[in-house]
Amino acid sequence: MAKIRILVSLTTNDNDYQLEQAQSAEQAAAKLGVTAEIVYADNDAINQSTQLLKAVQAPPELRPNAIVFEPVGGTALPQVARAAASAGIGWAVLNRDANYVEELRRTSSAPIFAISSDHAEIGRIQGRQFAALLPRGGTALYVQGPSENSAAKERTLGMQEAKPANVQIIALRAQWTEESSQRAVRSWLKLSTSQRAPVDLVSAQDDSMAIGARKAFEESRNDADRERWLKLPFLGCDGLPKTGQAWIRSGLLTATVFVPPNTGQAIEMFVHAIQNRKNPPERVLTVPTSIPPLETLKLR
């Protein structure tokens, strides 16, 4: 049997979680004796669609056996998914609900499934962290992912569901990168309303954006303002060992939410499905956890 080839499409190489996704894929491929080719879409949905369509339309001997991808834009590329299924290429969607999965599983012999972090629960954990850190209530500056991104929407809904009623939210938008969050907070700080905002906590929907927010506050030329901002608790999400968890140990972050990478799990599911000719479950959720545990979390 020819060596199984899997194409892994990730959103950007400028995000710690995406880099961990790449490492997870490489480790799983090495363990299972398959080939994993990793490409990045540079946060461009059209670029991602073009990359994947090129692979699907390649000569049969050059096509991957399966595609694992984390969508950039608001859709999970349904037309490309249908083209892949028609070509007999397996298709796994990461961290996004794709309503076409059920349909394609009925019409294609290729393994097709979705595997996602439980984004609503991630948001709920952040809401509970707000409660632990602001027992008397207050205001959180909250840096969200892109407005069209379903993961960002679900995390926000979960946070709103779990946070106490006496915690108010000031929401900003960024693009899952440190630089974009730094720009968003920098722009907010130029508003006259930001100087009067009684912010008690800064939170972001991933760790790199939390660090970007912190860097924006470090730029303040007013010593008193800079000291006030940097004394606030900073919360992130992803909780990877070399970034989020290290930033907690160094004091840059107060808390994060650990989100297990899932590319490796997707590759394992593909290999099992291909070797055993059995379709995997339609949807699988990974389980997030608070770091540090919620019962130990309090203001320093």
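The values are calculated or read from the model by the stated rules, or taken from the named source; none is laboratory data. Quick caveat, the model's predicted, so the values are computed rather than measured. Cβ atoms come from the backbone with ideal geometry, glycine included; neighbour counts cover every protein chain shown. Surface areas here come from the heavy atoms of the whole protein model, side chains and all, with no ligands, DNA or RNA. Shrake-Rupley method; radii C 1.70, N 1.55, O 1.52, S 1.80 Å.
Among residues of region 155-185 being in contact with a Phe, Trp or Tyr (Cβ under 9 Å, 6 or more places away or on another chain) and assigned to a loop (DSSP other than H, G, I, E, B), the one that is farthest from residue 138 (Cα to Cα) is 176. In region 13-30, the residues that are of a type in the set (A, V, I, L, M, F, W, C) form Cβ pairs under 7 Å with partners that are surrounded by fewer than 21 Cβ atoms within 10 Å (Cβ to Cβ), at six or more places apart or across chains, as follows: 19/13; 22/38; 25/38; 28/268; 29/35.
Tell me which residues, restricted to region 31-61, are in contact (Cβ under 8 Å) with a residue 60 or more places away in the chain and either farther than 16 Å from residue 2 by Cβ or basic (Lys, Arg) (or both).
Going through region 31-61, the residues in contact (Cβ under 8 Å) with a residue 60 or more places away in the chain turn out to be 32, 34, 36, 43.
The one that is in contact (Cβ under 8 Å) with a residue 60 or more places away in the chain and either farther than 16 Å from residue 2 by Cβ or basic (Lys, Arg) (or both): 43.
Is it fair to say residue 96 is under 17 Å from residue 281 (Cβ atoms) and either touching a Gly at 6+ places or on another chain (Cβ under 9 Å) or in a helix (DSSP H, G or I) (or both)? Against the criterion (under 17 Å from residue 281 (Cβ atoms) and either touching a Gly at 6+ places or on another chain (Cβ under 9 Å) or in a helix (DSSP H, G or I) (or both)), residue 96 does not qualify.
Yes or no, residue by residue, for (1) more than 25 Å from residue 231 (Cα to Cα); (2) modelled with pLDDT under 95; (3) surrounded by fewer than 22 Cβ atoms within 10 Å (Cβ to Cβ):
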residue: 118; (1), (2), (3): yes, yes, yes
residue: 122; (1), (2), (3): no, no, no
residue: 133; (1), (2), (3): no, no, no
residue: 139; (1), (2), (3): no, no, yes
residue: 146; (1), (2), (3): yes, yes, yes
residue: 149; (1), (2), (3): yes, yes, no
residue: 166; (1), (2), (3): no, no, yes
residue: 174; (1), (2), (3): no, no, no
residue: 183; (1), (2), (3): no, no, yes
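Hey, among the residues in region 60-104 that are basic (Lys, Arg) and under 25 Å from the mean Cα position of the chain (by Cα), which one's nearest to residue 267 (Cα to Cα)? Result: 96.
Number of residues in region 189-224 that are assigned to a helix (DSSP H, G or I) and open to solvent by 20 Å² or more (accessible area, probe 1.4 Å) equals 10. Quick check: is even one residue across region 41-57 part of a loop (DSSP other than H, G, I, E, B), modelled with pLDDT of 95 or more and small (Gly, Ala, Ser)? Yes, because at least one residue in region 41-57 is part of a loop (DSSP other than H, G, I, E, B), modelled with pLDDT of 95 or more and small (Gly, Ala, Ser). Is there a residue in region 102-109 that is aliphatic (A, V, I, L, M) and in contact (Cβ under 8 Å) with a residue 24 or more places away in the chain? No, region 102-109 contains no residue that is aliphatic (A, V, I, L, M) and in contact (Cβ under 8 Å) with a residue 24 or more places away in the chain. Within region 60-78, being of a type outside the set (Val, Ile, Thr) and either under 17 Å from residue 111 (Cα atoms) or open to solvent by less than 40 Å² (accessible area, probe 1.4 Å) (or both) holds for 63, 64, 65, 66, 69, 70, 71, 73, 76, 77, 78.
Step by step: first the residues of region 86-99, then only those that are of a type in the set (A, V, I, L, M) and open to solvent by 10 Å² or more (accessible area, probe 1.4 Å), then the one that is farthest from residue 153 (Cα to Cα). Which residue is that? Lay out the reasoning, then the answer.
Residues of region 86-99 that are of a type in the set (A, V, I, L, M), as a first pass: 87, 89, 92-94, 98.
Next, from what is left, pick out any that are open to solvent by 10 Å² or more (accessible area, probe 1.4 Å): 87, 98.
Details: 87: 33, 98: 15 Å.
Applying the filter and picking the extreme gives 87.
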